[in-house]
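Structure first, commentary second.
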Amino acid sequence: MRPEPRTAIATVCLSGTLEDKLAAAAAAGFDGVELFENDLIVSPSGPAEIRKRCDDLGLSIDLYQPFRDFEAVPPPLHRANLRRAAHKFDVMAELGADTVLVCSSVSPDAIDDDELAAEQLHTLAESAAERGMRIAYEALAWGRHVSGYEHAWRIVRRAAHPALGVCLDSFHILSKGHDPAPIRAIPGEKVFFLQLADAPRLPMDVLPWSRHHRLFPGQGEFDLTAFTGHVLATGYEGPLSLEVFNDVYRQSDPRPAAVDAMRSLLALKESLGVLDLPPAPRLSGHAFAEVVGGAGAGTGAVLASLGFARTGVHRSKPVELWEQGEARVLVNEGGDTGGAIGAVALASADPARSARRAEALLAPVLPRTHGPREADLAAVAAPDGTQLFLCGNDEWRGDFEPTGETTVGTGVFGIDHVALTQPFDHFDEAALFYRSVLGLAPSPVVEFAAPFGLVRSRVVTAGDVRLTLDSALVRRGEWAPAVPEPQHVAFACADAVAAAGKMLALGAPLLEIPGNYYDDLAARLDLPAERIARLRAHSVLHDRDEHGEFLHFYTALAGARVFFEVVQRIGGYRGFGVVNAPVRMAAHRARRHPVPPGATLA
Ligand SMILES: O=C(O)c1ccc(O)c(O)c1
Ligand SMILES: [Mg+2]
């Protein structure tokens, strides 16, 4: 195995003052930082004090940046630029930083002349070398004349100075669709710095894309493993350094953000084969979902009306076990959520290894209070606070005193998926968390228009484990419902229309779907009229993909933030009926705030 590279993070990735950022980076285990000039300028501490602070925290200052608009300018401007640089070198000397990033010029004063650019960079490198410093030249994707790394490398080669090398930034290279493979032809000692950022593929201008939408590796759509592999193949021995300009992270608590950032590098190193982590064990399904604070909200009664039996009561806690087939829901009276999904338990082929991997990837391990007879389940906190239990199939059952209660049931045979509505600020973090920690594969991100705003949606799956992560893009004003979008547990059945009929007979509070929906369905799809009539009569929704069909229906809220869904997958359908989510949201709203006929909305 190759040596494990050092890690660094640019201060621009994190929110707060420089002091906040350094503390967060150190606490998350980074070896060094890229110090952004603006963070230095606003700090009450002088460069020497910042150096001391970094020393105390065990952080090196691996890069000072950015130095802009230097190369290929007329002589008077060149002289002024060298004077400007001399001041920066003074600051760097005090900081103990030996490498400065010079990004390609965006200035209208710059001339399209590689010879001149090389000559001026040579002069700059010479004055850096006199101070024992180095220049890392980076092609900004929107540079005026230099916007590709191969061009930057040609200039660096032409300048031929030992104190001049390139800075490779994955965003600038991959956002332009440039092939990263030729990086391998650059000698490793001429790669002075490596900056890593992922991003979603967005059809927009590179500059705003870069300044707002960069993500940590593994959160976006770039192949950072291949990219970084090319760079390491050169013999590059510097740090893997994160440089992520992102609107959410700029406003988030820097401490968990730095942990999230570090998790992205741990996962990247694993994928590069330079770090060994306990491999993610196979997950075979949902062992149970737990609704917390649901007793007063009548969660148990709703489950009873869906054909579930209360099969057990916990030996030491106010928790009931409700079951039908392999679908298991714990209803926990504790907590003050008024009913929300507090925990999801996933059946792991090796729960202890799942827990070791989670810990190695910095997932917060939760303390478990358990009595003498209670199973010691490994639990970690997901980014939104949901507890994730990693368990074998049955060891947790011993915690419950069997009640002997049974029902004939309604055809539910298991949990199909759990919908964990995400706070928007945790959306990208969550996908990386589930992928790296649990080995779940994220689907592409889709967006749909819902009554109270646009919703971004993605699914993470492995075998029969399916979690959907939906998130409202922005939350503004007083109009949208004050409660966060509710979460839900979706149960699998083999005949949705039959199940709905049985559940209605048991008094289940199923959500009524408006007639407009079925009229539209008839217009959109070539379904037999009597089939649509049956769906309409039972308020069952319909979707199809290239693999099959999907029938599903919902309950009203069964707690402040939770409801249930029943789904039938036909012929290998892979989706989740996202197209119907807006109908469901409006129907939930109508149920909570019925508008009498003839009344106007207040
Ligand atoms: O957005 C910028 O200006 C900017 C500055 C420095 C960098 O290293 C970079 O990648 C982008
Ligand atoms: Mg950069």
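Taking the conditions exactly as written (modelled with pLDDT under 95, in contact with a Lys or Arg (Cβ under 7 Å, 6 or more places away or on another chain) and either buried (at least 18 other Cβ atoms within 10 Å of the Cβ) or assigned to a loop (DSSP other than H, G, I, E, B) (or both)), does Ser471 satisfy them or not? Spell out the reasoning first.
Numbers: modelled with pLDDT under 95: yes; in contact with a Lys or Arg (Cβ under 7 Å, 6 or more places away or on another chain): yes; either buried (at least 18 other Cβ atoms within 10 Å of the Cβ) or assigned to a loop (DSSP other than H, G, I, E, B) (or both): yes.
Yes; evaluated as a whole, the condition is true for this residue.
The requirement of being buried (at least 20 other Cβ atoms within 10 Å of the Cβ) and at pLDDT 95 or above is not satisfied by Ala494. Of all residue pairs spaced 6 or more apart or on separate chains, those with beta-carbon atoms under 9 Å, a first member in the range 494-509 that is within 17 Å of Phe413 (Cβ to Cβ) and a second member that is open to solvent by 80 Å² or more (accessible area, probe 1.4 Å) and at pLDDT below 95 are Lys502/Val408.
Restricting attention to the range 110-118, does a residue exist that is within 16 Å of ligand 1 (Cβ to nearest atom), more than 29 Å from the chain's Cα centre (by Cα) and touching a residue at least 24 places away in the same chain (Cβ under 8 Å)?
Within the range 110-118, one or more residues are within 16 Å of ligand 1 (Cβ to nearest atom), more than 29 Å from the chain's Cα centre (by Cα) and touching a residue at least 24 places away in the same chain (Cβ under 8 Å).
Scan the range 1-20 for residues that are part of a helix (DSSP H, G or I) and either surrounded by fewer than 19 Cβ atoms within 10 Å (Cβ to Cβ) or within 16 Å of ligand 1 (Cβ to nearest atom) (or both) and report the count. Here the count works out to 5.
Counting only residues that are more than 20 Å from Leu116 (Cβ to Cβ), within 16 Å of ligand 2 (Cβ to nearest atom) and not in a helix (DSSP H, G or I), the range 137-176 holds 6 of them. Residues of the range 21-36 that are free of Cβ contacts under 8 Å to residues at least 40 places away in the same chain and within 16 Å of ligand 1 (Cβ to nearest atom): Val33, Phe36.
Comparison of Ala125, Ala117, Ala97, Ala72 shows that the only residue that is out of contact with any Leu (no Cβ under 9 Å at 6 or more places or on another chain) and under 22 Å from Val166 (Cα atoms) is Ala117. Would it be correct to say that Ile183 is within 13 Å of ligand 2 (Cβ to nearest atom) and within 23 Å of Ser264 (Cβ to Cβ)? Against the criterion (within 13 Å of ligand 2 (Cβ to nearest atom) and within 23 Å of Ser264 (Cβ to Cβ)), Ile183 does not qualify. Checked against the criteria, Asp543 counts as open to solvent by 20 Å² or more (accessible area, probe 1.4 Å) and not in a helix (DSSP H, G or I).
When the range 130-176 is limited to residues that are under 15 Å from Arg68 (Cα atoms) and of a type in the set (Ser, Thr, Tyr), the one that is most open to solvent (accessible area, probe 1.4 Å) turns out to be Ser147.
When you scan the range 314-322, do you find a residue that is among the hydroxyl-bearing types (Ser, Thr, Tyr) and crowded, with 18+ Cβ neighbours inside 10 Å, even just one? No, there is no match, as no residue in the range 314-322 is among the hydroxyl-bearing types (Ser, Thr, Tyr) and crowded, with 18+ Cβ neighbours inside 10 Å. When Gly404, Gly414, Gly477, Gly398 are checked against the criterion of being part of a helix (DSSP H, G or I), assigned by TED's automatic domain parsing to the domain that holds Val319 and surrounded by fewer than 18 Cβ atoms within 10 Å (Cβ to Cβ), a single residue qualifies: Gly398.
Out of Gly307, Gly325, report the one residue that is on the phi > 0 side of the Ramachandran plot, open to solvent by 30 Å² or more (accessible area, probe 1.4 Å) and modelled with pLDDT of 95 or more. Spell out the reasoning first.
Working: Gly307 fails: open to solvent by 30 Å² or more (accessible area, probe 1.4 Å).
Only one candidate passes the filter, namely Gly325.
The values are calculated or read from the model by the stated rules, or taken from the named source; none is laboratory data. What you see is a predicted model; the values in this text were computed from it and never measured. Note: ideal-geometry Cβ built from the backbone for every residue, glycine included; neighbour counts use all protein chains shown. Surface accessibility is based on the protein's heavy atoms, side chains included, excluding ligands, DNA and RNA. Shrake-Rupley method; radii C 1.70, N 1.55, O 1.52, S 1.80 Å.
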